[in-house]
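Down below is the structure, laid out as structure tokens.
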Amino acid sequence: MLLTNTQTLIMILAIAAGTMITRFTPFLLFPEKKEVPKYIVYLGKVLPPAMMGLLVVYCFKGISILKGSHGIPEAIATIVTILLHKWKSNVLVSIAGGTVCYMLLVQLIFK
């Protein structure tokens, strides 16, 4: 089913408004000259590691060590990601390297 021009315009405007609201709200709530509340600073420190932990659990939830590749490509890619991060201390290099490693393993070795 195709969208009409009006529906397309409404969708684009809604996406633009949502993006603008999420971008501008922090600057309105926490101006540069005003001190940021302690609980916001706390959340800024604890949420990134918590989200990483959540993503790791989510990525490994469907692995069965009793069938298929037994989680070997996932374990190898995780080790590669950790080693790359320890070596380069760059999140993008770590994520990209681990992803490329995993894709190569499942496409070429663990078919």
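Straight-distance candidates among the lysines for linking to Lys33, with alpha-carbon spacing under 23 Å and chain neighbours fewer than 8 residues away dropped: Lys45. Compute the long axis of helix 91-104 from its Cα atoms, compare it with the longest principal axis of the Cα atoms of the chain, and write down the angle in degrees, 0 to 90, nearest 10. Value to nearest ten degrees: 40. Per residue, the average separation of C-alpha pairs within less than 8 Å and at least 6 apart gives the chain a relative contact order of 15 percent. Inter-label distance, Tyr39 to Ile12: 4.1 nm, where each label sits 7 Å from its Cα along the C-beta direction. Using the Cβ-Cβ distance between Val57 and Asn5 with R0 set to 41 Å, the FRET efficiency from 1/(1 + (r/R0)^6) comes to roughly 0.40. Stokes-Einstein, applied to the Kirkwood radius of segment 40-88 over Cα pairs at a viscosity of 1.306 mPa s and 10 °C, places its translational diffusion at 125 µm² s⁻¹.
Give me the log10 of I(q) over I(0) for the chain at q = 0.24 Å⁻¹, as the Debye formula computes it from C-alpha points; what are the numbers? So the normalised log intensities work out to -1.27.
The residues of segment 1-50 have, on average, 98 Å² of accessible surface per residue, using a 1.4 Å probe with all protein chains present.
Cross-link reach is defined here as a Cα-Cα straight distance under 22 Å, omitting same-chain residues fewer than 8 places apart; for Lys67 the lysines meeting it are Lys111.
Of the solvent-accessible surface of the chain, computed with a 1.4 Å probe over protein heavy atoms with every protein chain present, carbon and sulfur atoms account for 74 percent. Projecting the Cα positions of Gly97, Gln107, Tyr42 onto the charge dipole of the chain (unit charges on Cβ atoms of Lys, Arg, Asp and Glu, taken about the Cα centre) puts Tyr42 furthest along the positive direction. Magnitude of the charge dipole for the chain, about its Cα centre and with charges confined to Cβ atoms of Lys, Arg (+1) and Asp, Glu (-1), is about 180 debye.
Net length available on complete extension from Ala96 to Val46 is 15.6 nm, with 0.36 nm assigned per residue and the Cα-Cα distance removed. Principal-axis analysis of the Cα atoms of the chain puts helix 38-60 at an angle of about 40° to the longest axis. Shown here for segment 6-60: trypsin sites (Lys or Arg not before Pro) in loop regions (DSSP other than H, G, I, E, B) with at most 13 other Cβ atoms within 10 Å, namely Lys33, Lys34.
With all protein chains kept in place, the per residue accessible area of segment 55-99 amounts to 76 square angstrom at a probe of 1.4 angstrom.
The values are calculated or read from the model by the stated rules, or taken from the named source; none is laboratory data. Just so it is clear, the structure is predicted and the values come from calculations on it, not from any experiment. Cβ: placed from backbone, ideal geometry, glycine included. Neighbour counts: every protein chain shown. Heads up: the accessible areas ignore ligands, DNA and RNA and are worked out on the full protein's heavy atoms, side chains in. Shrake-Rupley method; radii C 1.70, N 1.55, O 1.52, S 1.80 Å.
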